[in-house]
Amino acid sequence: MKIIYIIPICLLVFLESCSTKQPAEATLDTDSMLNYCVEKVKMSIADLPDAENLPRNIYPDQKKWNKVGIHDWTSGFWPGLLWYAYEASGDATILKNAEKYTAPLKGVLDVPVDNHDLGFMLFCSFGNGYRLEKDPAYHDLLLKAADSLATLYNPTVGTILSWPAMREKMNWPHNTIIDNMINLELLFWASKNGGDPELYNIAVNHAKRSMETLIRSDYSTYHVAVFDTTDGHFIKGVTHQGYANDSQWARGQSWGIYGYTMCFKETQDKTFLQTAQQLADVFINRLPADGIPYWDFDDPEIPNAPKDASAAAVAASGMLELSKFVEDKELKTKYRNAAIDLMTKLSTPQYLSGDKNQAFLLHSTGHKPNGTEIDASIIYADYYYLEALMRLKKMQDAGNLAGM
Ligand code: GLY
């Protein structure tokens, strides 16, 4: 008879120990994935024509990069990716190419600033270059870039004008997009590295006003906030690249996670950290069964809608940082494991391009409503994938994943 009672008690003790245990640490073979990236970078370098042509995308029926010029908003990702690949490998040829592809981007500042993307273009390229090489010319250019970006700031609204061209075209008198959060890093950097200290306040004001307007009460995000220029009031939240005005565009949510985490790192303002967590929670909770987001969480075509590997890569890189700053141990593990899960799924044959094309990853979506870059390889997916691998590698090398 006794055995009947003993077994359930053992089971209870076992279940109890499971429920109080910390979640298991997720793992990923970062060395082999970094090696994969470095080898693919070397192959692309060997095939590219010149430094004025920068890889942007590869469509499903293609094998090689389609290129853009320096004024395209994605121009900084290829040189930025080269800097990360150099950091990962120490390879002298990659360093030479990182310098070579960074140099022409100085021409971005030769024309009047007409969008918020200067951070993407110049901080990913010159910013990573300066971090690694400390070239004073890179430093000067970054300060100029920050001053130029700041000219788009409207003090009445309290944010940077993201898309000047959309004022007339869309009747959006002052518009600010969630993507713009990433470009604040250039302003923070400049304010702390010899630039105008006011750049810091501009970045903080922008982040706070965006928090009030681009983030909905359920912590999903609008893509675009439209403001009145006379008194700065918020008119409406709309979309440009998402499914609908009230839907959750996946990459927008990941820009938010990444951007507010970076704002906390730069300011130590806890409201930014809390916001990053809230955005990450929504992102994690809405992930589909295979763990990689559809391009918009609310596309009614799901499960037949395209995926967006770039949103996964941006969110993974952002959540690795977030896991460092959150104090609660369980939450640290939660965000770190969520990031590693995303990276692990991206690192499977389903999402790796392997020998299918020159990129690292398949299945990103750039601008679905426009019909462009759907289910494609896109350079910023590769950039943030490699950045996340580097962040994870540094965390692993520090040997204190569990306690960070
Ligand atoms: N506008 C930047 C993006 O497509 O995410």
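The values are calculated or read from the model by the stated rules, or taken from the named source; none is laboratory data. Predicted model, so just to flag it, every value in this text is computed and none were measured. Virtual Cβ from ideal backbone geometry, glycine too; neighbours counted across all protein chains shown. Heads up: the accessible areas ignore ligands, DNA and RNA and are worked out on the full protein's heavy atoms, side chains in. Shrake-Rupley method; radii C 1.70, N 1.55, O 1.52, S 1.80 Å.
Averaging the sequence gap over all C-alpha pairs within less than 8 Å and six or more residues apart, then dividing by the number of residues, gives the stretch 76-224 a relative contact order of 21 percent.
Available extension along the chain between H367 and T151 is 75.0 nm, counting 0.36 nm per residue and deducting the alpha carbon span. Seen against the Cα atoms of the chain and their longest principal axis, helix 198-213 is set at about 60 degrees.
Per residue, the stretch 326-382 exposes 37 Å² of accessible surface when a 1.4 Å probe is rolled over the protein heavy atoms with every protein chain present. Relative to the longest principal axis of the Cα atoms of the chain, helix 250-267 runs at roughly 80 degrees. Starting from the Kirkwood radius over alpha-carbon pairs of the stretch 243-345, derive D by Stokes-Einstein at 10 °C in a medium of 1.306 mPa s and give it in µm² s⁻¹. In µm²/s, the coefficient is 117. Taking a straight line from the alpha carbon of K208, these lysines sit under 28 Å away, with near neighbours fewer than eight places off in the same chain left out: K144, K169, K192, K236, K265, K270, K324, K329, K332, K334. Entry note, the chain: the mean residue ellipticity at 222 nm calculated from DSSP H runs of n ≥ 4, each adding -39500 (n - 2.57), is -16000 deg cm²/dmol after division by the residues and rounding to the nearest 500.
Can you pull out the trypsin sites (Lys or Arg not before Pro) in the stretch 133-218 whose DSSP state is coil and whose Cβ has at most 15 other Cβ atoms within 10 Å? Listed in order of number, the matching sites are K134, R216. Both radii are taken from the alpha-carbon atoms of the chain; with Rh as the Kirkwood radius, Rg/Rh is 1.00. Shown here for the stretch 320-354: trypsin sites (Lys or Arg not before Pro) in loop regions (DSSP other than H, G, I, E, B) with at most 16 other Cβ atoms within 10 Å, of which there are none.
Give me the percent of the accessible area of the chain that comes from carbon and sulfur atoms, probe 1.4 Å, all protein chains in place. The value for the chain is 54 percent carbon and sulfur by accessible area. Computed over Cα pairs, the Kirkwood radius of the stretch 91-166 leads via Stokes-Einstein (1.002 mPa s, 20 °C) to a diffusion coefficient of 160 µm² per second. Among rounded, prolate and oblate, which fits the stretch 145-275 when a ≥ b ≥ c are the square roots of the eigenvalues of its C-alpha gyration tensor, a/c under 1.5 means rounded, and a/b larger than b/c means prolate? Oblate, since a/c reaches 1.5 and b/c is not below a/b.
Taking a ≥ b ≥ c as the square roots of the Cα gyration tensor eigenvalues, with a/c under 1.5 meaning rounded and otherwise prolate when a/b beats b/c, else oblate, which class fits the stretch 190-262? Judged from the Cα gyration tensor, the stretch 190-262 comes out oblate (a/c at least 1.5, b/c at or above a/b). Straight-line reach from K40: taking Cα to Cα under 20 Å and skipping same-chain neighbours fewer than 8 places apart, the lysines in range are K63, K64, K67, K96, K100, K345, K356, K393.
Full extension of the chain between N304 and K42 gives 90.8 nm of extra length, using 0.36 nm per residue less the Cα-Cα distance.
A Förster radius of 51 Å combined with the Cβ-Cβ distance from N201 to A244 puts the calculated FRET efficiency at roughly 0.90. Calculated FRET efficiency, D397 to A165, Cβ-Cβ distance, R0 = 41 Å: about 0.40 to the nearest 0.05.
Quick one: compute the contact order of the chain, relative version, from alpha carbon pairs under 8 angstrom and 6+ residues apart, as a percent. That works out to 16 percent. Amide H contacts of H174 (H built 1.01 Å from N, in plane; Pro and chain starts excluded): F227 sit under 5 Å, all sequence-distant by 5 or more or on other chains.
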